[in-house]
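Some notes on the structure that comes next.
The values are calculated or read from the model by the stated rules, or taken from the named source; none is laboratory data. Treat the numbers as computed from the prediction; the structure is a model and nothing was measured. With ideal geometry, Cβ positions are generated from the backbone for all residues, glycine too; neighbour counts draw on all protein chains shown.
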Amino acid sequence: MEHGFIAWAKARAARLPQIRLGIGDDCALIAPSQTDSVVTTDSLCDGTHFILSECGPRAVGHKLVSVNLSDLASMAAEPIAVFLSLCLPRQSSGEIASEIFEGVCASCERYSVAIGGGDTNVWDGPLVVHMTAIGSAPAGGAWLRQGAQPGDAIFVTGSLGGSILGKHLDFQPRLSLARQLHPLGIVRAATDISDGLGIDLLNVTVASRCGAEIELDRVPISQAAHERSTQTGRPSIEHALGDGEDFELLLAIAADSVDRVPKQIDGVPLTRIGTFVSRTGLWSKTKRGVEQLPPRGYVHG
């Protein structure tokens, strides 16, 4: 199965952007860049990150690419190539592999990314897919989690919560938004919201050695979060803070540059939801005052 699949995959990927040497050799060759290389990797497992019997393998391929490109977007990096590895269930392995690859190819074509290679294996367990993505840092340097300072504004893109109703499988990594925002030079720190606003914001505060104060009534809550609220009985804001897999961007904006933040980019709104503070930890600001906010998020397995 493996050799035939590799030959087919090489031919199928021929229409995509190419690197110096891609699928078919022991290693890939990528031309050196004048800026830093940015590398990320993610694994997705049936039953944890998707349910194969419900979404189908093409959706898995699409999600795998998008998850990795979201990481690159969070550092304002430009994607170059991805590397795909599959651990396929023994039953129907060939059909599943080709369908996943079609989903990967469609997403790579959409975002002008090369497929540089990968690996396939068959086993008696559930489907596990893995991808490594390589990008190049923008001129001026990549965004990092560290760098937020007390007084900086906290911004998020899009709306949050309820991703389990569909967004976790079908979303757009914010590459174009990052590409347009980076040259403004107003972002001090950034990350993508994959584990949940609470956990990912905490990651930025820890890296930056500060705290954060969120104004809960400013958090953009998605319609899906409101729908989840009716299903679970929990407030919509809890879903916005902790559901995870929103794959939006969380940004620290210099205090003197808030007026330069676009209201939206490519139709995606940017919303100020709070401020970084010197007091460590997460805090919520409501009409009742300021209270400590436990970091909520989705634990992947």
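Taking the criterion of being within 22 Å of Ile265 (Cβ to Cβ) and at pLDDT below 95, the only residue of segment 36-82 that qualifies is Val38. Here Asp42 does not fit the description of being over 25 Å from Gly158 (Cα atoms), among the charged types (D, E, K, R) and either in contact with a strand residue (DSSP E or B) (Cβ under 9 Å, 6 or more places away or on another chain) or touching a residue at least 40 places away in the same chain (Cβ under 8 Å) (or both). When segment 68-105 is filtered for residues that are of a type in the set (Gly, Ala, Ser) and within 28 Å of Ile193 (Cβ to Cβ), the ones remaining, listed by number, are Ser70, Ala73, Ser74, Ala76, Ala77, Ala81, Ser85, Gly103. For Gly185, the stated conditions hold: it is at positive phi and out of contact with any His (no Cβ under 9 Å at 6 or more places or on another chain). Taken over segment 1-19, the criterion of being in a loop (DSSP other than H, G, I, E, B) and surrounded by 12 or more Cβ atoms within 10 Å (Cβ to Cβ) is satisfied by Leu16, Pro17, Gln18, Ile19.
Check whether at least one residue in segment 112-124 is assigned to a helix (DSSP H, G or I) and of a type in the set (Phe, Trp, Tyr), and report yes or no. Taking every residue of segment 112-124 in turn, none turns out to be assigned to a helix (DSSP H, G or I) and of a type in the set (Phe, Trp, Tyr).
When the residues of segment 240-257 are filtered to those that are charged (D, E, K, R) and in contact with a strand residue (DSSP E or B) (Cβ under 7 Å, 6 or more places away or on another chain), the one that is surrounded by the fewest Cβ atoms within 10 Å (Cβ to Cβ) is Glu248.
Contact annotation: no residue pair with Cβ atoms under 8 Å, 6 or more positions apart or on different chains, pairs a residue in segment 151-164 that is within 12 Å of Arg218 (Cβ to Cβ) with a partner that is polar (S, T, N, Q) and surrounded by 24 or more Cβ atoms within 10 Å (Cβ to Cβ). Do you know which of the residues in segment 258-289 that are assigned to a strand (DSSP E or B) and surrounded by fewer than 14 Cβ atoms within 10 Å (Cβ to Cβ) is modelled with the highest pLDDT? Of everything passing the filter in segment 258-289, Gln264 is modelled with the highest pLDDT. Taking segment 39-93 as the range and being assigned to a helix (DSSP H, G or I), polar (S, T, N, Q) and in contact with a helix residue (DSSP H, G or I) (Cβ under 7 Å, 6 or more places away or on another chain) as the test, only Ser66 passes. Screening the candidates Leu84, Leu69, Leu127, Leu88 for the property of being buried (at least 24 other Cβ atoms within 10 Å of the Cβ) and under 14 Å from Leu52 (Cβ atoms) yields one hit, Leu88. The residues on offer are Gly147, Gly141, Gly135, and the sole one that is in a loop (DSSP other than H, G, I, E, B), touching a residue at least 12 places away in the same chain (Cβ under 8 Å) and either of a type in the set (A, V, I, L, M, F, W, C) or touching a helix residue (DSSP H, G or I) at 6+ places or on another chain (Cβ under 8 Å) (or both) is Gly147.
With respect to the conditions (1) within 16 Å of Arg296 (Cα to Cα); (2) in a strand (DSSP E or B); (3) under 18 Å from the mean Cα position of the chain (by Cα), Ala252 lacks only one, and its number is (1). Output yes when any residue across segment 35-46 is among the polar types (S, T, N, Q) and more than 16 Å from the chain's Cα centre (by Cα), and no when none is. Yes.
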